[in-house]
Each structure stands twice: as structure tokens, then as C-alpha cells.
1. Given the Cα atoms of the chain, and with Rh set as the inverse mean 1/r over their pairs in the Kirkwood sense, what is Rg to Rh to two decimals?
2. In whole Hz, what ³J(HN,Hα) sequence does region 34-50 give by Karplus (6.51, -1.76, 1.60; θ = phi - 60°), x for Gly and Pro?
3. Could you tell me the calculated FRET efficiency between Asp192 and Arg84, based on Cβ-Cβ distance and R0 = 22 angstrom, to the nearest 0.05?
4. Once phi is turned into θ = phi - 60°, what whole-Hz ³J(HN,Hα) does the Karplus curve with 6.51, -1.76 and 1.60 give for every residue of region 170-183, x standing for Gly and Pro?
5. Enter the Cα centre distance for the pair region 79-101 and region 149-175, rounded to the nearest angstrom.
6. So what are the ³J(HN,Hα) numbers for region 58-75, from phi and the Karplus equation (6.51, -1.76, 1.60; θ = phi - 60°), rounded to whole Hz, Gly and Pro as x?
7. Once R0 is set to 25 Å, what does the formula 1/(1 + (r/R0)^6) return for the Cβ-Cβ distance between His33 and Glu75, expressed as a FRET efficiency to the nearest 0.05?
8. Grab the Cα-Cα distance for His26 and Ile45, subtract it from 0.36 nm times how many residues apart they are, and report the gain in nm with one decimal.
Amino acid sequence: MPDAAPPSESAPANQNVARGLATRRHLIEVATHLFATLGYEDTSIEAVLNQAGVSRGSLYHHFAGKEALFEAVLEEMENDIGARVVEGSAGAPDAAATLRLGCTQWVQMAGDPVVRQVLLIDAPSVLGWDRWRALEERHALGLIKALVGMMADQGEVEPSLVDVFSHVILASINEIALMIALADDPERAQRDGAAAIDEVLTRLLPGQS
């Protein structure tokens, strides 16, 4: 009879990794809710610990402090926004329509209370303008460049202007999103913002009337 196989040493390790990832996700979910409802300044580590039901050591195992936790929330939110934009514009017939739909969706998302408070109101002040802008560029600029580049391949945009136009579009939609976030009448600001970005794209990109 052959010897029995030794117990796998990787199974407990894999379980620990899975538990750690689950704890990290849970902390981000709880922190997102608190940051959105209370704001960054009024959200304490103690509040996160109490609502998440985890130990201080567990939280600090994953995050160096409140700012690091906030940055993880922002990264998760940016990934979610990107996925929603891609999914929402999946049926567009071409790159120009995809770009227009994606920009409009982002402007609409600016009215979401969570996006508004966390990403548009608190993030620029917590991270500082340069780091917030770098975050936006890291997540959104690549997609915009890809779409404008496809339009250039189709002769709709001058190839030498792809990079400049991409930055202009990103700056425009982010400025409109910030305007919506700070508006006294967010619904009206959303309508005006959607119309404005549509006009910007029409004027900026040839053949997009």
C-alpha cells in the first residue's frame, strides 16, 4: 500500500490569504460608507473599527492609517467607475460615440452622493491637487487616449493632437464633475454639465456634430 500523501501546507496559507483579502474588502466597504456619510475629517479610525467589527491590529495590518485607507477607497471607487463606464458604453457603434457616452456617464456619476463626497469633495483636499489629478490620470486618461487614438486612426483627429486632446477632455469632464459636486442645485448642474461636455466634444473633435 503506498504511503499516504502528506497534508498540503499550502491550504492553510491560502485560507489565511483569502481571509486577509476578505477583511481588507470589508474594511474598504465600511470606510466607503463612513467617508461618504460623515466626510473624511469626521470619520475616525475608531468608527471604522466599531462598524467593521475588527481589531486595530487587523486594520493596521492592511493600512498604515486613515489616509492609506482613504486612498484604498479611492482606488476601489475609480476601478468601479471605470468598469461602469466601459459597461455602459459597450454598445456604442464607434470610438467617438463611446467617448461621448463615457464622458456623459462620468458627468452623471458626479451627482452620486458617494462619488460626490469621497472622490470630488474630500479627495482633492486630502490628497492635494497634484496627487488627485495623478489619480484621475492613472485611471481615466489611458482610456480616453485609446479612444481618441482610434479616432485618429480613422482620420477623425490629427494624430499629433491625440495626447493634447485627451488631456483637454479629461480636464473638462473633471472640472464639470467638480462643479456638479459643489453646486447648490446638483440636478440642474448635471443637466448643464452634460450639455457642456457634449458641446466641448462637438467643437474639439472634427466631424463630431
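Readers should treat all values here as calculations from the given coordinates under stated rules, not as data from a laboratory. Everything numeric in this text was worked out from a predicted model, so none of it was measured. A quick note on method: Cβ atoms are made from the backbone with ideal geometry, for glycine too, and the neighbour counts reach across all protein chains shown.
1. Working: Rg = 21.4 Å, Rh = 19.3 Å.
When Rh is taken as the Kirkwood radius, the ratio is 1.11.
2. 5, 4, 6, 8, 9, x, 4, 4, 8, 9, 9, 4, 4, 5, 5, 4, 5
3. On the way: r = 22 Å, r/R0 = 1.00.
Efficiency computed from Cβ-Cβ geometry: 0.50.
4. With the stated coefficients, region 170-183 comes to 4, 4, 5, 5, 6, 5, 5, 4, 5, 4, 5, 4, 9, 6 Hz.
5. The distance from the Cα centre of region 79-101 to that of region 149-175 comes to 16 Å.
6. 5, 5, 6, 5, 9, 9, 5, x, 5, 5, 5, 5, 4, 5, 5, 4, 4, 4
7. Details: r = 16 Å, r/R0 = 0.66.
With R0 = 25 Å, the Cβ-Cβ based efficiency is 0.95.
8. Numbers: separation 19, 0.36 × 19 = 6.84 nm, distance 1.42 nm.
Difference between extended and current length: 5.4 nm.
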